[in-house]
1. Evaluate segment 118-136: report whether one residue or more is under 22 Å from Ala57 (Cα atoms), assigned to a loop (DSSP other than H, G, I, E, B) and touching a residue at least 60 places away in the same chain (Cβ under 8 Å).
2. Would you mention how many residues in segment 86-108 are among the small types (Gly, Ala, Ser) and modelled with pLDDT of 95 or more?
3. May I ask you to verify whether Met83 is in contact (Cβ under 8 Å) with a residue 40 or more places away in the chain, in a helix (DSSP H, G or I) and closer than 16 Å to Arg142 by Cα?
4. So if I check each of Ala136, Ala131, Ala71, which one is out of contact with any Phe, Trp or Tyr (no Cβ under 8 Å at 6 or more places or on another chain), at pLDDT below 95 and of a type in the set (Gly, Ala, Ser)?
5. Within segment 28-51, work out how many residues are within 18 Å of Leu137 (Cβ to Cβ) and surrounded by fewer than 18 Cβ atoms within 10 Å (Cβ to Cβ).
6. State yes or no: is Leu100 closer than 20 Å to Glu7 by Cβ, more than 16 Å from the chain's Cα centre (by Cα) and outside any loop (DSSP other than H, G, I, E, B)?
7. Looking at Ile54, is it surrounded by 14 or more Cβ atoms within 10 Å (Cβ to Cβ), of a type in the set (A, V, I, L, M, F, W, C) and modelled with pLDDT under 90?
8. Could you give me the residue pairs with C-beta distances under 6 Å whose first residue belongs to segment 22-35 and is touching a residue at least 24 places away in the same chain (Cβ under 8 Å), whose second residue is part of a loop (DSSP other than H, G, I, E, B) wherever it lies, and which are 6+ apart or on separate chains?
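The values are calculated or read from the model by the stated rules, or taken from the named source; none is laboratory data. Just so it is clear, the structure is predicted and the values come from calculations on it, not from any experiment. Methodologically, a virtual Cβ is constructed for each residue, glycine included, from the backbone with ideal geometry; neighbour enumeration extends over all protein chains shown.
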Amino acid sequence: MSRVIFEKRDGKYDAMFVERGGALEEIACPKQPPIPHDMFHYAIERVLEMRGFIRRAAGGEGVGFVMAREAESEAVERLVETMQADSWSGRPPASEVIDLFHTTCDARGTTPITLTEEAIVAIRSEIDRLAVEWSALPTRGRMTLEI
């Protein structure tokens, strides 16, 4: 099992660390309330058991901003964008979130994954769970998450 560590920081970025061969590789992680951007990836990948940025990085792929395109990972990225918008927009009905996801996929030429309203509710619940723990951390506090 792999793990990622998120560290709360001052400024525009928090940090994410990926463990590789006993060493931690640091990745700048944009602040995107209620949780850091890459924590949205974690929530979605965990709930849907899909391969996106977090699992690819933990699996040893380069963590730069350019990874090889993979259909599943691209769909996860579009869902991250959609769930961030959902978190900032007052959480409309889950059916509207699915519609927005499809619109986002169409705009980016991404093949969408199949989503249910129950999946959206479960992702929201995971985001909320992570947000409570994240907000309780002091600056330089860390959260370790198993993948």
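1. No.
2. The total comes to 3.
3. no
4. Ala71
5. Residues that pass the stated criteria total 6.
6. no
7. For Ile54, the condition - surrounded by 14 or more Cβ atoms within 10 Å (Cβ to Cβ), of a type in the set (A, V, I, L, M, F, W, C) and modelled with pLDDT under 90 - is met.
8. Note: pairs meeting the criteria are Ile27/Val63.
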